[in-house]
Amino acid sequence: MGISSFVDDIRRWFQRHNHPSNPNAAVLNPDYEPKPSSSSSSITQITVVEDFDRSAFKKIRVPKRIDSDSAPMDPLKRLEREFFTEYGEASRYQVQEVVGKGKIKLLRLLRHPDIVEIRHIMLPPSRREFRDIYVVFELMESDLHQVIRANDDLTPEHYQFFLYQLLRGLKYIHSANIFHRDLKPKNILANADCKLKICDFGLARVSFNDAPSAIFWTYTPAIDIWSIGCIFAEMLTGKPLFPGKNVVHQLDLMTDLLGTPPPETIARIRNEKARRYLNSMRKKQPVPFTHKFPNVDPLALKLLERLIAFDPKDRPSAEESLADPYFNGLSNGDREPSTQPISKLEFEFERRKLGKDDVRELIYREFVLSTVTRSWSIILRCFRNIYAVVNKLASCTREKNTNADVLCYAGRPGSEFLHRKRKEGKEHDKEESDADQEDEK
């Protein structure tokens, strides 16, 4: 009885703190479904998504990621090779790179299984005097570029699952009014168990307007959809779809496959040189995708054709793509969350002229917020695990008490008689208790 009362007390405490008014109810109670909030002032409402069981997939070969020594490196980007810490993989960045492009802030606000997570931010002891910091990301084994090169035996199930993860992550990103703008195989991290994560938000931008094109001109969600389509085509063939050497060569390769766009599509192109070149181009007919990609699932080709439509308005959104018949049996709305658009207040610093001390102060604030957010999520995860254990223990205790009489008297002479007498005694005690209550009244 002692352990039973103890377990019940703990369980009642969890249930009390599981009331829908409690913001932590979704973590403590896995069955709790919060009502959608009408507020769009912040993206800090985190939706926890349970990821897939990937044990059924054939493991892929994951060569270690390498940086080409011949490729020039952005002086404001990575200044030295990555190194490993107890948390994961760290890279060194200058403070202008981190704050100017909101790299830390975006990844703090975007929490999703298909987006790489910041594990730790390493700052020097001095708050006022430092030039760079180390941002530690969760450790992934390789990237999709290396996976495509090393695996020539990927199955249709691999292609489907890879594309699904990318579109699911992109749906979440776009619902926050963020455009990645630099999606490519090298910016897709991969593990041997087929898990993919989108990374490198250095070129990402946030739209604070319902019409993103009004802010970014040619940059809309369709640019990321195009990139996803090109990545998918590279997975299917093992080589880049449009390996153009320059803009003109790129347009030639695109029109060789897709055909020359109609005049009304060309008229909407903002780049005058590209528009003039396409108008002067000879008429080309599109190549059937079944010829370009033989022995590929027709549903996959139909979706690919939509993803890389020449006219951005003809491309589906990430959410519409997830509803495509190609993902029948895999797509599930419960595992494909959206989020609230990012508040303007999160990036109000972009409207001010910042000095070096201001930049350092902003980095420290992000460090504190990132640390608190991560610590709180760990605490809540522990509470959820404790609740599951307590709930299981309570269930076992109740089952044990229910069967106690049978276990106590089984196999003994006169057990049925003793069990009956014990039951009659309980009923007699109840009758006396009821009588006492009547007398008190």
Rg(Cα)/(2.2 N^0.38 Å) for the range 176-325, N = residue count | 1.09
Size of the dipole of the range 208-349 about the Cα centre, Lys and Arg at +1 and Asp and Glu at -1 on the beta carbon, nothing else charged, in debye to 20?
-> 880
Ordered by number, the trypsin sites (Lys or Arg not before Pro) in the range 240-303 that occupy a DSSP loop and have at most 15 other Cβ atoms within 10 Å are Lys245, Arg268, Arg270, Arg282, Lys283, Lys284
For the pair Leu369 and Leu330, how long in nm is the line joining their label points, each one 7 Å along Cα→Cβ?
-> 3.5
What does the charge count near Leu307 come to, summing +1 for each Lys or Arg and -1 for each Asp or Glu among other residues with Cβ under 11 Å from its Cβ?
-> -2
Looking at the range 130-178, which chymotrypsin sites (Phe, Trp or Tyr not before Pro) are in a loop (DSSP not H, G, I, E or B) and have at most 16 other Cβ atoms within 10 Å?
-> Phe130
Local electrostatic count, Arg268, Cβ distance below 11 Å [Lys/Arg +1, Asp/Glu -1] | +1
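Readers should treat all values here as calculations from the given coordinates under stated rules, not as data from a laboratory. Worth saying up front: this structure is predicted, and the values here are computed from it rather than measured. All Cβ positions, glycine included, derive from the backbone under ideal geometry; neighbour counts span all protein chains shown.
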